[in-house]
Amino acid sequence: MLFVSLLFWGFLASFVIHILDEALLNGGFVKWIVDNFWPTYRMRMFFWFNAAFLGAIAVSNLLFDSFGGHWIIVPLLFVAGFVTHALTVHVYWTLRRNTYSPGLLSSLLYVIIFYLLIRYGLDRHLIAGVDFAIGTTVGVVTVGTFLTVGPTVLFPRLTRHRHSWRDGAS
């Protein structure tokens, strides 16, 4: 299980690289989101979203390291969710907008880690098939959906509604 644990800690490291990619390339993810989806998105929001996910991923890895067994589901949630994010936000919107989505390049590290979890964790029976299926499915549905729909559809609509309500009340 050491190998699987190292992959999960590698996932956390890849997330740190991903944050740097999103902060530095093509004007940054904040500017890209502001220009394409969510005009009121700010660097402060970017910081807190990522800080929360860094903490949650670290805690999930610690839970798996400490207790093993079915606790593997928790870090799998994040890996599967972030693979979904890579495909549905970074790849899809790069192709659709015909401009580099900051984070695209580094998000491929998630796909590599997911592949390694399948190839050497699942295929070699280090990860139970049921645990892998649960972690992947729940991760795609929860974390993946949040990271896909949140910044591109949900939050822009919520803030637009809030601002229009406030403007109409004045």
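Given q = 0.09, 0.14, 0.17, 0.20 Å⁻¹, what are the Debye log10 I(q)/I(0) values for the stretch 2-153, with equal point scatterers placed on the Cα positions and solvent ignored?
-0.27, -0.65, -0.92, -1.22
Over the stretch 2-153, calculate the relative contact order: mean separation of alpha carbon pairs under 8 Å at least 6 apart, over the residue count, as a percent.
Answer for the stretch 2-153 is 34 percent.
So how far apart, in nm, are the two label points at VAL141 and ASN98 if each is 7 Å from Cα heading toward Cβ?
3.9 nm
How many nm is it between the label spots at ARG160 and VAL34, if each spot is 7 Å from the Cα in line with the beta carbon?
For the pair ARG160/VAL34, the computed spacing is 1.9 nm.
Quote to one decimal, in nm, the extra length available between MET45 and LEU87 on full extension: 0.36 nm per residue of separation minus the C-alpha distance between them.
So the extension gain works out to 12.9 nm.
Could you give the length gained on full extension between VAL111 and VAL130, defined as 0.36 nm per residue of separation minus the Cα-Cα distance, in nm?
Value of the extension gain: 4.8 nm.
May I ask you to order 56-62, 74-80 by the average number of other C-beta atoms within 10 Å around their residues, highest value first?
My ranking of the peptides, most packed first, is 74-80, 56-62.
Compute the angle between helix 104-116 and the longest alpha-carbon principal axis of the chain, please, reported from 0 to 90 degrees and rounded to the nearest 10.
Compared with the principal axis, the helix lies near 20 degrees.
Of the peptides 137-148, 114-125, how do they stack up when ordered by the mean number of other Cβ atoms within 10 Å, highest first?
Top of the packing list down: 137-148, 114-125.
If you line up the long axis of helix 2-24 against the longest principal axis of the chain, both from Cα atoms, how many degrees apart are they, to the nearest 10?
Between the helix axis and the principal axis of the chain, the angle is about 20 degrees.
Bear in mind that the values in this text are calculations on the coordinates, not laboratory data. Just so it is clear, the model here is predicted, and its values are computed rather than measured. When we count neighbours, we look across all protein chains shown, and the Cβ atoms used for this are built from the backbone with ideal geometry, even at glycine.
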